[in-house]
Structure formats: C-alpha cells, structure tokens
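Every number in this text was worked out from the coordinates using simple rules, so none of it is lab data. Just so it is clear, the structure is predicted and the values come from calculations on it, not from any experiment. Cβ placement follows ideal geometry from the backbone for every residue including glycine, while neighbour counts extend to all protein chains displayed.
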Amino acid sequence: MYRSREWIFERIRRDRRLDPTVSGRMVAQRYKVSRNTVAKALSCPVPAKRKKPPPRQSVLEPVKGFIDAMLREDLAAPRKQKHTIDRVLERLAGEHDFEQASYSTVRDYMRKRRPLLELEAKEGRRHLEGMVPQEKKPGEEAEVDFADVWLDLAGQRRKCVLFTLRMSYSGKAVHRVYATASQEAFLDGHVEAFRVLGGVPSVHIRYDNLKPAVKQVMFGRSRTESTRWAAFRSWYGFSAFYCVPGEDGAHEKGGVEHEGGRFRRKHLVPPPQVESLAELNERLEAIDTAEDARHVHGRPTSIGFDFEHERGCLAPLPADEYDTGMDLTPIVHRNGRVTVRQCYYSVPAKFIGTKVRVKLRANEIWIFEGRNVIARHPRLTRRYTYHDILDHYLEILLVKPGAFAGAAALAQARAEGGFTKVHEAFWAAAKARAGDKEGTRMLIEVLLLHRQLPAAAIVAGMETVLRIGAISTDLVAIEARKAMENQGLEEASDTAEACADETGDLDDEPVDAGGEGAKVISLPARRLPPDARPALPDMSKYDRLLTPVANRSDNRKGTSA
C-alpha cells in the first residue's frame, strides 16, 4: 500500500512523541524506511522537495535564435505564407548547415515558442484586449443586429432572420422576423422599432458592417454607405456607429449580440409553427410587451421602468413614415408571371404583355396596376422559385380546360389548402356527368364564384349539391347565396332535391318545390353579388300628383249636358 512521505514523517514524529525511548532503528524497521529518513523526519516535520536533475541541453540550442527570428517574421507575414516545420528544417539545413534536429523536436519547440513571441510583440498594447465597463445615458444609443432563426412556416421548415434593436440604457428590445436579411427588411425593422419606441436614439445606433447599409469598408471607422440607407438616416435624423470588422467588433455591441441569442433560446425553441410571418410578428410584439417586466442582470428596476424614463429622452419621429418598399416595373410574361429578384409571381391573365408596378417589401410582394393592387404574394427567398394564384389563370383555363389538371397554380392551391377536398369531389362528379372537358369548365365556373362570394359559402353550396346529386354551377351559386344569407342548409337541400326530382336540371322559369318550400330560380347573372342597397322608398303618394283631377263643374247638381 502506497504511503506518502508526509504520512511517514507524521507517523515517525508521533511515535517518538508517544515514546521518547524508542530507537531510530526500531522506527525505521516499523515503517520500512532508512535511518536517514527517520533522522530527517525528526529534524523537520515537512519532507524536503526532491531535487530535480538539471535539464538536458536541447539539440536545438545552437539554432534557437535563428528559429525565433523566423517566427518573428511570421508575425507580420500574410496568413497563408508563414513558416511551416518543413520549411524551417530546410532553412536550417541550407542556411546554417544544421541537420541534427528531428521533425518532432522542431515541431514541439515551435508549438511552445510561437504564442510566447506573439505575447511579446503585444506587450506594449496588451491593455487593448480587455473590456472597459461603459455607462450609457438614457435615449442616446441603441444597437442593431440580425440573427438566424428556423421556423415551420405553412408546414415547411424554413430559415429566416431575427431583427433586433436594443436600447443600450434600459435594455428595451424590439424583435421582428423576416424572410431574408434584405435592405427592405433592414429598413422595415427600424421603422417598426421606432414606432414601438415612440422615438429615435438621439446620438447613434451601433451596427456591424451589414450589406444593406455598407457598400465598402474603408480605413478606420470610415464606410461607403448605400444611397437608400443614407436617405433613410436623413429621414429619421440619427447617426450610425460602425464597429470594427471581426470578433472584436462584436464586443463593441455585446448587448444586442447577447439579446439575439437569449431571445431565440427562450421564445423560439422549439421552432414556432405559423401560417405567415405576419402572424409570428404579432406574437413577438406581444412577447416584447410582456418582457418589460423582466430585470436585466444586476439592476434593481425592470426594463419597462427604465424605459419610461428613457422614452422622454428620445428624438421625435418625423411626421410621415418612410416607405421601406422598393418600386420595380417589370413586364408580365406570356405565362402570366413577373420576375422579381430572380423569383416568379403570378398576375391576373388580362395583364399579360403590360408593364406593372411592383412594390418589393420585406415579407410581401404587392403588384399594382395604376393605384389598384391586383396581386399580393409572400416574398420568396430561393432563386427560380415561383408562387402562383389559381384565380389569375381562370379566364385562360376556360378556353383551355385541358391544361387545368397539370397547372402549377393548381398544385400550389392544393398545397396551401385553397383547393379543398370538396372542390376535388365536385370536379370528379362534374366530369362523371358532363365529361372531362365540360366538367372541368363547370369547376372553373364555380372557382370564378370565389371572386364575388365567400369561400365558406361556396364550399357549403358544393357540399349541398354533391349531397343531392344535382351537379350544376347555377345550383352551387344559389346554395352559396343561401348559406351566405344564413339560411338553413336543410331547407336549401330539400329545395334542390325537389328541383332535381321534377326537372333533373334548372330551367329559366321558377319551379315549385312542392308544399310550402322555397322556389328554385336559375340565375343567368349568378356571379353578381346580392343587392346591398336599402329598399326603394314608397312613391304612391307622389303618384297621386300625376292623376288628373275631374272638373268640379261636371259634378254640380242641376246642370244639364
């Protein structure tokens, strides 16, 4: 069993303390040590440290100065043109005729010596690597940054970006999620943050060298800014402070760097499931409001309490809000699409060949014809992807019904849930009754009804028609209007069944459904919405003014003809 020298020394001194007459020889035999060890233990309670042998002289001793000189040259050399171990061995052999050292010996020496020489070179400015605590004044500074975030958008896992603006004094932060880190998202995030804060930082906002803001990094803090970013700063009247590139620059805005990661771990794990980014941003706005009760580490007051003091120190907002969207004027292609940033978006077919105005926003694409919005799409992020709306192609599909089954817009409508199982069932029933071509046209006519009537009402009308087995576009329009007017579907179903039993189809004349039920009437103009105007006024009193009054002399008594 191993016994340490300290333990042996303590036992020897204890035995002598308990029995002063015990001999050194007996104690040495008891603990199996030499009498010299016993003498050392009795003279000193702590064993002396073992003497280390003198270090063996390294074989590199004659050339260490030359190797150090090479490593000092590397401090100012390009990153990919520094001395390797093989190159050092070659130079030692060629320039100094030294070949006694092995590869591993030189490797071990360079591994230890290189960091020491770097510290030696930084000796005069070593203080720059530390951090100096800062005290921020209310309303003066803020920090902005983007962070990657994953979410389930409309059932698909997508990578988006989290925009964060954080006030340096109070810690009040505003978060928004965008499809990409584009300039439109960068500007829109500022507009949203300024709206929530109710003002603008009075001194400056700290940034990385983000592409939406900086076109070129110059010497020192000088930057060449993009024109839209310079105009945006002029509009809101604030200055930008650009951090140095690299990891050192991240420390200059450490508050927002920490805030982005903290918010993502706390509120975006697991990845949120949303149908649109607008829905997610509404959640984030509510979360930001709730976090006003949070305390930043080391502060006795909450974020909301400190921000109430800071709000009055902010610079006021301009009277008008800045339009963060970008205007483009593409031409609608023959396939009914426009190209925006190498992505494709559908436009109503009647605009094919014309030039339209596109408003490229952070998360949406708005397409205008004059001042009217003719299409709205979510902004796409991958090149050569498309987003089609089935309603934009219905006029073409009426002429070419054979193209309906393979239309890309139909596949997208199915994926997004707009083309439901009820539509599929009605299409199958219409093709079984009237053939593929005419049955598809019947479905397209039903889809055209969506422009005038609510989708829920049309789906209810199709369900009623399928239930009674009378497949007709006119009947779908009638049942949809009944559902929209909150009439009972049971009454509508009885009416339709009576119509189907008596005629098998719809005529131009009213058909009595039998008994006291309602009458089923065909609607030649079935796509027109119901007249929402109030009832016409009663004109009977005014009609009496148009009736001629009889001659009073003809009614007198005693007069002759």
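Within the range 36-125, report the GluC sites (Glu not before Pro) that DSSP leaves as loop and that have at most 11 other Cβ atoms within 10 Å.
Taking the range 36-125 and a limit of 11 other Cβ atoms within 10 Å, the loop GluC sites (Glu not before Pro) found are E99.
The range 264-335: which GluC sites (Glu not before Pro) are DSSP loop and have at most 15 other beta-carbon atoms within 10 angstrom?
E275, E321
Once whole DSSP H runs in the chain are found, which of them have Cα atoms spread over 18 Å or more along the helix axis and a mean Kyte-Doolittle score of at least -0.5?
183-197, 277-290, 421-449, 455-468
If you take the Cα atoms of the range 342-431, find Rg, then find the Kirkwood Rh from the mean of 1/r over all pairs, what is Rg/Rh?
Result: Rg/Rh = 1.00.
Volume per residue, Å³, of the convex hull around the alpha-carbon atoms of the range 168-285?
121
Note the listed values (1) 57; (2) 16; (3) 32, then indicate which one is percent of Cα pairs over 44 Å apart calculated from this particular structure.
(1)
Run lengths n ≥ 4 of DSSP H only: what is the helix-derived mean residue ellipticity at 222 nm for the chain, with -39500 (n - 2.57) per run over all residues, to the nearest 500?
Here the helix-only value at 222 nm equals -12500 deg cm²/dmol.
Step by step: find N for the range 425-469, compute 2.2 N^0.38 Å, then divide the Cα radius of gyration by it. What's the final number?
Taking the Cα Rg and dividing by 2.2 N^0.38 Å, one obtains 1.11.
Skipping prolines and chain starts, which residues have an amide H placed within reach, meaning under 5 Å, of the one on S168, given they are 5 or more residues away or on another chain?
E141, A142, E143
Using DSSP loop states and a limit of at most 13 other Cβ atoms within 10 Å to flag chymotrypsin sites (Phe, Trp or Tyr not before Pro), what is the longest stretch of the chain containing no flagged site?
Of all site-free stretches, the longest is 3-218.
So which trypsin sites (Lys or Arg not before Pro) in the range 374-471 are both in a DSSP loop and have at most 10 other Cβ atoms within 10 Å of their Cβ?
For trypsin sites (Lys or Arg not before Pro) across the range 374-471 that sit outside H, G, I, E and B with at most 10 neighbouring Cβ atoms in 10 Å, the list reads R382, R383, R451.
Could you tell me the center-to-center distance, by alpha carbons, between the range 366-442 and the range 27-57 in angstrom?
For the range 366-442 versus the range 27-57, the Cα centre distance is 95 Å.
Using modelled backbone amide H atoms (1.01 Å from N, in-plane), which distant-in-sequence or interchain residues come within less than 5 Å of R357's amide H?
F368, G370
Between the range 165-204 and the range 297-348, what is the separation of their alpha carbon centroids in Å?
One Cα centre to the other: 9 Å.
Given a cut-off of under 8 Å on Cα pairs at least six residues apart, what relative contact order in percent is computed for the chain?
For the chain, the relative contact order is 8 percent.
Please go through the residue pairs K80/K112; K159/K359; K122/K215; K215/K355; K159/K350; K172/K266 and name each one whose alpha carbons sit more than 28 Å apart in this structure.
In this structure, K122/K215; K215/K355; K159/K350 lie more than 28 Å apart at Cα.
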